[in-house]
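What follows draws every value from the coordinates through simple rules; no lab data is involved. Note that the structure is predicted; figures quoted are calculated from it, not measured. Because the Cβ atoms are built from the backbone with ideal geometry, glycine has one as well, and the counts that use them run over all protein chains shown.
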Amino acid sequence: MMSRPHPGHRICKTHSVIVLFILILLFPFGCVSSETKSSSVISPTKPSPPQGKKTLPVFEFPVPQKTGEKNYLGVFGSGNFKVTQISTPVLIIEIFSMYCPHCQRSAPFVNDLFQSIQGRTDLKQRIKIIGIGIGNSPYEVDLFKNKYGILFPLFPDQDGTISKMLGVSSTPTFIGAKINRDGTTEQFYFTSGELTDAANFLSEILNLSGLKQEDKQ
Amino acid sequence: MSRGKYVLSLGLFSLLMVFLETGNVYAQSSSFKDNIYSVGKLKPRDSVLTLKAGDSAPDFTLPVVDGATITLSQFRGKKNVVISFVPAAWTPVCSDQWPGYNLVQGLFLKNDAILLGITVDNIPTLYSWTKQMCNTGEKLWFPVLSDFYPHGEVASKYGVLRSNGVSERALFVIDKKGAIRYIDVHDINQRPPLDALRTALEKLNQ
């Protein structure tokens, strides 16, 4: 013979089911919002891959012909240079395409970012920016550079090899990496989507790269 | 408050927070990329070109997104014409091609040329799609024409209609006399580099 459940036990069970239902509802949304909030200054098109201790792959570009760009990057001579030879502890890489509307819309904000960094004596030698034009010819990269008056060096990646090494599948993508004196690297930032706020982006870079903590010490 | 009512209130409050949070997440999203339909890798070319450089460009009249119509022969003696056929709205390579052309109006002006963009999509689709290519309140500098009905008639005349009803990714450069001077029926999976089009335009003036 089965015993009849106590009324109080039944109410408690009902409440447990409600709480469980709400927790199930909350779980996925919590995950989504934590991903998007991790980069409040980028309108994300794709969530960031796991951060972890990821190094920057080794890739090369031709040494720029313009003296200003050579001086900015700290690379000289002719031929190719490795990205780890860029004279800076923190490197921001923008993967863009001349054909991408998001990259076009982001261009003025990326210019703001560059000028903000160059305008600060404590940062101009510690953060450098380069752009890599995925699937763009040198002519197309130049068109983009001239159209938006971009002052930092841009390099074509016509066959997409470098962008593939970096794991980029959509544009624009912003990557932040630390370049240590011994030539080792650590990628600390990777987000795809339109840049809409240069000041907050810089603040994120300062926090995540550790430059802000260095300054406090 | 009894324990039951407390749990129920907590539950309702949490549910409300879920909906508020969801709203924020969607408001942050910049959606162009997420709206692109992936077509996968396609057969590079699926049509037989019947025209060649030197042939007279077949005339046509098509409706434009802004409500007007354009006839090719209206440019005869006045402008060189570049026709850019792209396969379909809201697909990967096409969605990147015209935003690039939107940056280079100067290249066309310099060579006394007009660009006509053509797809087999209907006008409302083309309206929404091309709007996503520009900043709010702006539009593409060149007209976008719909070859929707009779379906693909112009693409067919130019020999670039594929067997599934979309056009090839093709460029035709037509001089002021109405003669075709350059044809590039490109691999549908790839964007034609702008360099080749620039060279073709510059040759018009030689």
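When only DSSP loop residues count, what trypsin sites (Lys or Arg not before Pro) in segment A:134-217 have their Cβ near at most 12 other Cβ atoms within 10 Å?
A:ARG181
Taking square-rooted eigenvalues a ≥ b ≥ c of the alpha carbon gyration tensor, is segment A:157-217 rounded, prolate or oblate, where a/c under 1.5 means rounded and, failing that, a/b exceeding b/c means prolate?
Working: a/c = 3.52, a/b = 1.38, b/c = 2.55.
Oblate shape, in that a/c is at least 1.5 and b/c is the bigger or equal ratio.
Determine the alpha carbon to alpha carbon distance for each of A:LYS54/B:LYS131; A:LYS147/B:LYS203; A:LYS145/B:LYS203; B:LYS41/B:LYS78; A:LYS147/B:LYS52; A:LYS178/B:LYS43 and list only those over 32 Å.
Over 32 Å Cα-Cα: A:LYS54/B:LYS131; B:LYS41/B:LYS78; A:LYS147/B:LYS52; A:LYS178/B:LYS43.
Send over the per residue convex hull volume for segment A:59-203, Cα only, as a whole number of Å³.
Convex hull of Cα atoms, per residue: 106 Å³.
With a 10 Å Cβ neighbour count serving as the proxy for reagent exposure, in which order, fewest first, do B:HIS186, B:HIS151, A:HIS102 appear?
Final ranking by Cβ density, sparse to dense: B:HIS151, B:HIS186, A:HIS102.
Given the Cα atoms of segment B:61-203, and with Rh set as the inverse mean 1/r over their pairs in the Kirkwood sense, what is Rg to Rh to two decimals?
With Rg and the Kirkwood Rh in hand, the quotient comes to 0.92.
Can you sort B:MET133, A:MET98 by how many other beta carbons sit within 10 Å, fewest first?
Listing B:MET133, A:MET98 from fewest to most nearby Cβ atoms yields B:MET133, A:MET98.
Note down the magnitude of the dipole of segment B:64-183 about its Cα centre, charges +1 on Lys and Arg C-beta and -1 on Asp and Glu C-beta and zero elsewhere, to the nearest 20 debye.
In debye, rounded to 20, segment B:64-183 gives about 440.
Quick one: of the DSSP bridges fully inside segment B:92-206, what percent are antiparallel, nearest 5?
70 percent
Quick check: net charge around B:ASP175, other residues with Cβ under 13 Å of its Cβ, Lys/Arg +1 and Asp/Glu -1?
+4
Can you pull the mean other chain C-beta count within 10 Å for peptide B:99-109?
4
How much of the DSSP bridge set in segment A:45-216 is antiparallel, in percent, rounded to the nearest 5?
Of those bridges, close to 60 percent are antiparallel.
Between beta-carbons, use under 11 Å as the cut-off and find the net charge around B:VAL48, counting Lys and Arg +1, Asp and Glu -1.
Around B:VAL48, the surrounding residues sum to 0.
For A:PHE76, B:PHE75, which order do you get if you count the other beta carbons within 10 Å of each Cβ and list the fewest first?
Values: A:PHE76 11, B:PHE75 17.
Lowest count first: A:PHE76, B:PHE75.
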